[in-house]
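Remarks on the structure that follows.
The values are calculated or read from the model by the stated rules, or taken from the named source; none is laboratory data. Quick caveat, the model's predicted, so the values are computed rather than measured. So basically every Cβ, Gly included, is an ideal-geometry build from the backbone, and we count neighbours across all protein chains shown. Calculation scope for accessible area: heavy atoms of the full protein, side chains included, ligands and nucleic acids excluded. Shrake-Rupley method; radii C 1.70, N 1.55, O 1.52, S 1.80 Å.
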Amino acid sequence: MKRIKVSNNVIRRLPRYLRKLDELSDAGIDRISSGELGRQMGLTPSQIRQDFSCFGEFGQQGYGYNVLALRTEIAKILGMDRNFTAVLVGVGNIGHALIDHFSFSRYGFRLVAAFDVKKEVVGTNIGDVPVYDIRDLRGDVAEMKPDIAVLCVPRTYANTVAHTLLDTGVKGIWNFTNVELDIPETAMVIENIYFSDSLLALGYYLSERIDEMEARAARKRL
């Protein structure tokens with residue numbers, strides 16, 4: 001597998017390919033052409049071939065793509081075979097929900113611990129995840145050496161905790177704090193999650209569709 005610098009748009013499409021290939025596999029489909037894959041995903045065949053060419057040649061002309069083999073290759077590209085470890089910091093509503101309902105292991109991450117300040121939570125387990133005192137964060141994380149941290153603390157503490165995690169050698173943060181962390185990209189990989197962005201994008205596309213419908217109705221009245 002070759003790994004070159006690719007655009008963010010290509011990277012964001014890879015999980016979509018993974019989901020679609022899982023759907024195809026579950027439906028008992030063994031192979032698929034770029035044309036049919038594109039039709040199902042709303043992409044052009046050339047776009048699909050161009051995306052995959054960033055990482056290698058996965059299909060055969062006249063045969064298409066082997067669904068299971070392509071799924072395996074994309075999973076490798078996304079690091080799902082590297083057994084990354086993770087800790088979660090901040091067991092509030094979002095943190096608790098992630099531990100309870102998000103399958104980290106399905107995507108190649110092993111959640112090994114959580115940290116919180118609340119006495120009634122510290123020392124307990126949420127599912128199989130032990131909860132430690134956040135006051136011991138620096139020492140415990142330095143000892144555990146996780147690859148990433150899931151950051152769910154209140155926004156006022158976001159940068160302080162993030163820098164502590166950076167100091168202990170954490171390589172990446174999945175950031176749910178709704179704060180732009182002041183850590184340079186060269187120091188740590190940060191993936192910011194803003195629920196509002198998705199909702200506001202929905203609002204834009206909905207407004208656009210309504211405006212188009214109203215414009216068509218107005219033209220018909222003329």
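Some points to look at:
- Of the candidates ILE48, ILE94, the single residue that is in a helix (DSSP H, G or I), touching a residue at least 12 places away in the same chain (Cβ under 8 Å) and within 30 Å of GLY139 (Cβ to Cβ) is ILE94.
- Residue in region 184-193 that is out of contact with any Lys or Arg (no Cβ under 6 Å at 6 or more places or on another chain), among the acidic types (Asp, Glu), open to solvent by 100 Å² or more (accessible area, probe 1.4 Å) and in a helix (DSSP H, G or I) present: no
- Number of the condition not met by GLY123 [criteria: (1) of a type outside the set (S, T, N, Q); (2) open to solvent by 40 Å² or more (accessible area, probe 1.4 Å); (3) within 19 Å of VAL91 (Cα to Cα); (4) in contact (Cβ under 8 Å) with a residue 12 or more places away in the chain]: (4)
- Residue count for region 128-171 satisfying the condition of being closer than 20 Å to SER105 by Cα and in contact (Cβ under 8 Å) with a residue 24 or more places away in the chain: 14.
- Matching residues, region 164-183, being more than 15 Å from GLY95 (Cβ to Cβ), surrounded by 15 or more Cβ atoms within 10 Å (Cβ to Cβ) and more than 19 Å from the chain's Cα centre (by Cα): THR164, LEU166, THR168, ILE183
- Residue satisfying all of: in region 49-75; charged (D, E, K, R) and modelled with pLDDT of 80 or more; least open to solvent (accessible area, probe 1.4 Å) among these: ASP51
- Qualifying position, being over 21 Å from the mean Cα position of the chain (by Cα), farther than 27 Å from THR177 by Cβ and modelled with pLDDT of 95 or more, among SER33, SER46, SER25: SER25
- The C-beta contact set for region 6-32 (first residue without any contact (Cβ under 8 Å) to a residue 24 or more places away in the chain, second residue part of a helix (DSSP H, G or I) and surrounded by fewer than 13 Cβ atoms within 10 Å (Cβ to Cβ), distance under 8 angstrom, 6+ apart or interchain) comprises LYS20/GLN40.
Results for (1) in contact with a strand residue (DSSP E or B) (Cβ under 6 Å, 6 or more places away or on another chain); (2) closer than 24 Å to LEU181 by Cα; (3) β-branched (Val, Ile, Thr); (4) at pLDDT 95 or above, shown as yes or no for each residue.
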residue: THR85; (1), (2), (3), (4): yes, yes, yes, yes
residue: VAL89; (1), (2), (3), (4): yes, yes, yes, yes
residue: HIS96; (1), (2), (3), (4): no, yes, no, yes
residue: ILE99; (1), (2), (3), (4): yes, yes, yes, yes
residue: VAL121; (1), (2), (3), (4): yes, no, yes, yes
residue: ARG138; (1), (2), (3), (4): no, yes, no, yes
residue: ILE148; (1), (2), (3), (4): yes, yes, yes, yes
residue: ALA158; (1), (2), (3), (4): no, yes, no, yes
